1. Check L208 against each of (1) touching a Phe, Trp or Tyr at 6+ places or on another chain (Cβ under 7 Å); (2) over 28 Å from L139 (Cβ atoms) and name the one condition it does not meet.
2. Kindly provide the set of residues from region 43-70 that are buried (at least 24 other Cβ atoms within 10 Å of the Cβ), out of contact with any Ser or Thr (no Cβ under 9 Å at 6 or more places or on another chain) and more than 14 Å from T174 (Cβ to Cβ), ordered by number.
3. Where in region 1-108 are there helices (runs of 4 or more DSSP H), lying fully within it, with 1 or more residues that are modelled with pLDDT of 95 or more and touching a strand residue (DSSP E or B) at 6+ places or on another chain (Cβ under 8 Å)?
4. Out of the residues in region 140-159 that are over 24 Å from G52 (Cβ atoms), hydrophobic (A, V, I, L, M, F, W, C) and modelled with pLDDT of 80 or more, state the one that is surrounded by the fewest Cβ atoms within 10 Å (Cβ to Cβ).
5. Could you please find all residues in region 226-247 being under 28 Å from C266 (Cα atoms) and of a type in the set (S, T, N, Q)?
6. Across region 160-190, what is the total count of residues that are modelled with pLDDT of 95 or more, over 21 Å from V71 (Cα atoms) and not acidic (D, E)?
7. Among the residues of region 109-125, is any surrounded by fewer than 20 Cβ atoms within 10 Å (Cβ to Cβ), within 19 Å of the chain's Cα centre (by Cα), in a helix (DSSP H, G or I) and in contact (Cβ under 8 Å) with a residue 24 or more places away in the chain?
8. Quick one: which residue in A230, A218 is over 14 Å from A45 (Cβ atoms) and touching a strand residue (DSSP E or B) at 6+ places or on another chain (Cβ under 8 Å)?
Amino acid sequence: MPGVARHAKDQARHLRNLIRSSSSLDGPLGVPAARQATTTTIAIAGGKGGVGKTNVAVNLALCLAARGARVTLLDLDMGMADADLLLGVHTPYNLAHVLSGLRELQEVCVRLPGDLRFVSGTSGVERLANLSEFERCRLVRQLRGLEAINDFLILDCGAGISRNVVTFALAAGTVILVTTPEPTALTDTYATLKVLVRQHYGGSIQVLVNMVGDRAEARRIYQRIAEVSAKFLKYSIAECGYMLHDNHVELAVRGRSPFMLRFPKCAASSCLMAVASRLDVNRGRESASGGLFERVVGLFV
């Protein structure tokens, strides 16, 4: 509907203005971004469902785009995709058309208000949750075409440690594990971390703690994960940031609108702006193993 599209564009313009106004300030929201030639590929994953993984992926992508970066968000939660619902959009084609050979990846990529490109997944299709090695290889290799036109590729992976999730995470230069203070979430986060480390993942694994009461609580949770990781896995996991528990997030989800657009000044938005600022400053500084395509080649030989 024209009215809805116009409202979304107005929201995106307001977000860009908010980011631009903060860029002259010192602090976590205003670190200027240095342009890099290399695409940064970030896989957003979670050990279990319900930790807010897709919300983080969608809103982080919007925030990076508002900073002037060229960003494509791909919903790779095979068989359980719902990023389109959070974005409030319906796309004519999705990853199912790519995997069936009816469309190329770039053909299903659409541009949304806020200068964000989006590749929609699909839900309720059992076959997508159990892709063959050939299908996973074919899909990830097609991402090479998106590297040339993006500063960031944001991969919204599924929850857990399925082969799909592990493959896409291993292909990314950065993996952000989203967790919450719940004991079960922390246990599953460590399980995901352990799988990636034992697969000899060569990029940066970071933890983003969601739904916390304050910064101190987020710091304690990160330190707990970092200590266990260092002791038992001999791996140094990085601190990505945190998101405060914010009722505006639920209100935005109910309204099928990203909270970054609907409530750009809420606590959750401010937290993700800080995360986006740090990622933007480090743009292109992926592992020395090369770009996404070069990393993927070794996964299937």
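The values are calculated or read from the model by the stated rules, or taken from the named source; none is laboratory data. Everything numeric here is computed off the predicted structure, so don't read it as measured data. Here the Cβ positions follow ideal geometry from the backbone for every residue, glycine too, while neighbour counts run over all protein chains shown.
1. Of the numbered conditions (1) touching a Phe, Trp or Tyr at 6+ places or on another chain (Cβ under 7 Å); (2) over 28 Å from L139 (Cβ atoms), the odd one out for L208 is (2).
2. The answer is K53, T54, N55, V58, L62, A65, A66.
3. Per the criteria, 53-66.
4. A148
5. N247
6. Count: 10.
7. Checked against the condition, which is being surrounded by fewer than 20 Cβ atoms within 10 Å (Cβ to Cβ), within 19 Å of the chain's Cα centre (by Cα), in a helix (DSSP H, G or I) and in contact (Cβ under 8 Å) with a residue 24 or more places away in the chain, region 109-125 yields no hits at all.
8. Going through A230, A218 in turn, just one is over 14 Å from A45 (Cβ atoms) and touching a strand residue (DSSP E or B) at 6+ places or on another chain (Cβ under 8 Å): A218.
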